[in-house]
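Taking it in order: structure first as structure tokens, then the write-up.
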């Protein structure tokens, strides 16, 4: 750093201001367009990921409303079959590839260095590469929709439907190209997050003492490193087959169309937990703050996360129960699909125990968490139902599966992400929320969601298949579809109001006070909005967020209830076997 100007050495406030400016010159981005294009700062890139994913979420939501409008009447007055196929394929692709995964990437990129007491991620240029790959791949897919050549074979692009014989246009090629770039972006983020957690923690912060959010992101990045290459391989093979007529998936020439399903679901089912784990990490961070206590069962939650990471790679075939696989394989994957509910249940009970021992405050983030509990548990129960082979044979490829998928994804990811957006918005913008709009948006979303998808379970049990655009010969489906469509628009109004609430907060909200929630994680130990260099004085062992901020003269008063330094967190290193043995010895037969 440069020397202080003469006369500043005796003035601590001026000296501190000078040092802050020097830190900003080092870690901030250059001004102008060049700075926008060359920025590698983790806060800015994380916000870009999150904002872009919100835009793709809004576009996918508009497509969903067109689908519900089409299905509201048996004749389908809005879309023809070709356009309907493009719209439901784009809806699923945007939600799964361009919203869910980039949202968790952005949240992890933004928060992890702050939570771990670091200035930046391990490889800032790799983060920037991931951002530009994501933006490029997303624009490719979106431009195909605008040009009328969007993919139309479903977001899973099963062969032989997606082969050149049955999809002769460029629709599938555009999807394969765009998704490949998005997956490369995800792999870059996984490497970045893994190395940052393992190597960039604050001095003295052990793995067993870091915030639970970091454990969740570490498990997520490990799953991404293993689960995403199969999809990249599958998309490359399918594009080679389409471009050069090679027979990877053509059964008449020695290929196997089931190979695509295996490669896709080797990515596709771990992806469900890749999406869920960061959301669960946000829950484990926000819930104890809202309950004014510490999280219950730190070690048990870490063990559950590791168990979920392991088990998630052993059940991809439950998406393929109807393709004709051996009975032994059916039994194995059915058992694995039911077993994966155990580590999820451990986390649910730990969260319930945290609420039981604390004093829950029904502020807006807590409302969204209660929406998560009421929705995700129902989705988990229908997941256990679908894991049982005889029931799966009956409900496969019906609207019941669509309802289950949305209960798990919206309940397990969207509600926690809305809680996270509300909770960390003061850190993003430095502004407090505008009162009144947030609770109204929450109730509209909750009522609209259950009205849409709970009824869809019944529609599926009545035999309505997925991916149809008209049903003139099935009058028993008319009223359930009409009710689902009505509540779908109620839910859309809620999401629009939620977005408006965030925009008004960012533009017109009052200046937020430091650490408005009284949290103890390190991201709240810095000014709001967070500066480019995060914390001016890197933390030492035993310092919580409030203690660190108060030590720098930023926050007056004593720590809020429940505050603890990271070194006092319950260790996650207690062996799982010891826990199990201890529980067995305590049993009374």
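The values are calculated or read from the model by the stated rules, or taken from the named source; none is laboratory data. Note that this is a predicted model, so its numbers are computed, not measured. A quick note on method: Cβ atoms are made from the backbone with ideal geometry, for glycine too, and the neighbour counts reach across all protein chains shown.
Take the conditions (1) surrounded by fewer than 19 Cβ atoms within 10 Å (Cβ to Cβ); (2) touching a residue at least 40 places away in the same chain (Cβ under 8 Å); (3) touching a helix residue (DSSP H, G or I) at 6+ places or on another chain (Cβ under 7 Å); (4) under 30 Å from residue 383 (Cα atoms); residue 225 misses just one of them, which is (2).
Residue by residue, here is whether (1) in contact with a helix residue (DSSP H, G or I) (Cβ under 6 Å, 6 or more places away or on another chain); (2) buried (at least 16 other Cβ atoms within 10 Å of the Cβ); (3) free of Cβ contacts under 8 Å to residues at least 60 places away in the same chain; (4) part of a loop (DSSP other than H, G, I, E, B) holds:
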site: 30; (1), (2), (3), (4): no, no, yes, yes
site: 34; (1), (2), (3), (4): no, no, yes, no
site: 37; (1), (2), (3), (4): no, no, yes, no
site: 47; (1), (2), (3), (4): no, yes, no, no
site: 50; (1), (2), (3), (4): yes, yes, no, no
site: 53; (1), (2), (3), (4): yes, yes, yes, no
site: 68; (1), (2), (3), (4): yes, yes, no, no
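Working carefully through the options 110, 84, find the one that is at pLDDT 90 or above, assigned to a helix (DSSP H, G or I) and buried (at least 22 other Cβ atoms within 10 Å of the Cβ). Talk me through it step by step, then tell me what you get.
On the way: 84 fails: buried (at least 22 other Cβ atoms within 10 Å of the Cβ).
Exactly one of 110, 84 is at pLDDT 90 or above, assigned to a helix (DSSP H, G or I) and buried (at least 22 other Cβ atoms within 10 Å of the Cβ), namely 110.
Tell me which residues, restricted to segment 376-397, are assigned to a helix (DSSP H, G or I) and out of contact with any helix residue (DSSP H, G or I) (no Cβ under 8 Å at 6 or more places or on another chain). Break it down into steps so the answer makes sense when it comes.
First pass over segment 376-397, keeping only residues assigned to a helix (DSSP H, G or I): 376-387, 389-395.
Within segment 376-397, 381, 390, 393, 394 qualify.
Scanning segment 444-500 for residues that are in a loop (DSSP other than H, G, I, E, B) and under 23 Å from residue 376 (Cβ atoms) turns up just one, 466.
Screening the candidates 400, 449, 442, 453 for the property of being crowded, with 21+ Cβ neighbours inside 10 Å, in contact with a helix residue (DSSP H, G or I) (Cβ under 6 Å, 6 or more places away or on another chain) and under 27 Å from residue 507 (Cβ atoms) yields one hit, 442.
Out of the residues in segment 309-329 that are assigned to a helix (DSSP H, G or I) and without any contact (Cβ under 8 Å) to a residue 40 or more places away in the chain, state the one that is surrounded by the most Cβ atoms within 10 Å (Cβ to Cβ). Step by step, filter segment 309-329, then rank; the result is 311. Of all the numbered requirements in (1) modelled with pLDDT of 90 or more; (2) part of a loop (DSSP other than H, G, I, E, B), residue 184 misses one, and that requirement is (2). Mind checking whether some residue in segment 508-522 is within 23 Å of the chain's Cα centre (by Cα) and farther than 20 Å from residue 114 by Cβ? No, there is no match, as no residue in segment 508-522 is within 23 Å of the chain's Cα centre (by Cα) and farther than 20 Å from residue 114 by Cβ.
Would you call residue 427 part of a helix (DSSP H, G or I), at pLDDT below 95, under 22 Å from residue 101 (Cβ atoms) and out of contact with any strand residue (DSSP E or B) (no Cβ under 8 Å at 6 or more places or on another chain)?
Working: part of a helix (DSSP H, G or I): yes; at pLDDT below 95: yes; under 22 Å from residue 101 (Cβ atoms): no; out of contact with any strand residue (DSSP E or B) (no Cβ under 8 Å at 6 or more places or on another chain): yes.
No; evaluated as a whole, the condition is false for this residue.
Residue 208 satisfies every condition listed in (1) closer than 17 Å to residue 115 by Cα; (2) crowded, with 24+ Cβ neighbours inside 10 Å except (2). Taking the stated definitions as given, is residue 433 assigned to a helix (DSSP H, G or I) and either under 17 Å from residue 273 (Cα atoms) or touching a residue at least 12 places away in the same chain (Cβ under 8 Å) (or both)? No.
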